[in-house]
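Since every read-out is calculated from the coordinates, none of them should be taken as a lab result. If you're wondering where the values come from, they're calculated on a predicted model, not measured in any experiment. Don't worry about glycine lacking a Cβ; one is built from the backbone with ideal geometry, like all the others, and counts go over all protein chains shown.
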Amino acid sequence: MGAWGVDPFQNDLALDWLSEFTDDFGIDFVRATLDQASWENGEVTLAAAEIVAAIAGHAGSTTALDRPVGGSVASRLPALRPALTSELVRSSIAAVDGVANDSELADLWRDSADETEWRALLEDLKARLEAAL
C-alpha cells in the first residue's frame, strides 16, 4: 500500500496527488479527482476530500498541508473558498462513504490492526465536510 500511517496523506499516492494539486492549484483538479473516484483510488479520493474540508475552513490535524511544497498548501487554500460549492462538498461526502464501504483501500485496512483508527479518521473527515454544508 505504501502507507506509514492512517492519516489521509500518510501514503505515497496521496502525497503524489498533493504535489500535482500544488502544481495545478485549482478547484477543478479536486473536482476531477472526486468525479473519478473508484474502487482502486481511495487514497487520492480521501486526499481530495481532505482538501475540500480544508478549503471550507474545516481542516483536520494533518501536517501534510503545512509542508513547503510551493509554499504552505494550507495558507493558500482560503483563496479557493469562493469556488467551493455545496455540490462539491456533497460529492466529497459521498466519495468518503464510497471509500469507507467499498474500496480496495477499505479492504486493505480491514486486514490491519489500525482499521478502527482509520475508520475514526474517515468519520471525522465526513463530520468536517458535513459542517461545511
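Amide H to amide H distances under 5 Å link Q10 with no residue, where only residues 5 or more positions off or on other chains count and H is placed in the peptide plane. Annotation: peptides 92-104, 21-33, ranked by per-residue average of other Cβ atoms within 10 Å with the highest first, follow the order 92-104, 21-33. Helical content of the chain, expressed as a calculated mean residue ellipticity at 222 nm, amounts to -18500 deg cm²/dmol (DSSP H runs of 4 or more residues, -39,500 (n - 2.57) each, divided by residue number, nearest 500). Within the shell defined by Cβ-Cβ distances under 11 Å, the residues around A106 carry a net charge of -4, with Lys and Arg each +1 and Asp and Glu each -1. At q = 0.12, 0.14, 0.21 Å⁻¹ the log10 of I(q)/I(0) for the chain amounts to -0.39, -0.54, -1.30, computed by Debye summation with a single uniform scatterer per C-alpha, solvent ignored. Hydrophobic long helices, here whole DSSP H runs in the chain with Kyte-Doolittle means of at least -0.5 and Cα atoms spread over 15 Å or more along the helix axis, are found at 12-24, 42-55, 86-101.
Site pair E40 and D114 shows an inter-label distance of 2.4 nm when each label is modelled 7 Å from Cα along Cα→Cβ.
Remark: relative contact order (the chain) = 31 percent; criterion is Cα-Cα distance under 8 angstrom and separation of 6 or more residues. With K and R counted +1 and D and E -1, the other residues having a Cβ less than 12 Å from that of A32 yield a net charge of -3. The order of the peptides 42-51, 114-123 by mean Cβ neighbours within 10 Å, most packed first, is 42-51, 114-123.
Computed about its Cα centre, the charge dipole of the chain is approximately 640 debye, with only Lys, Arg, Asp and Glu carrying charge at their Cβ.
The gain in end-to-end length when the D28 to A131 segment is fully stretched comes to 34.9 nm, 0.36 nm per residue minus the alpha carbon separation.
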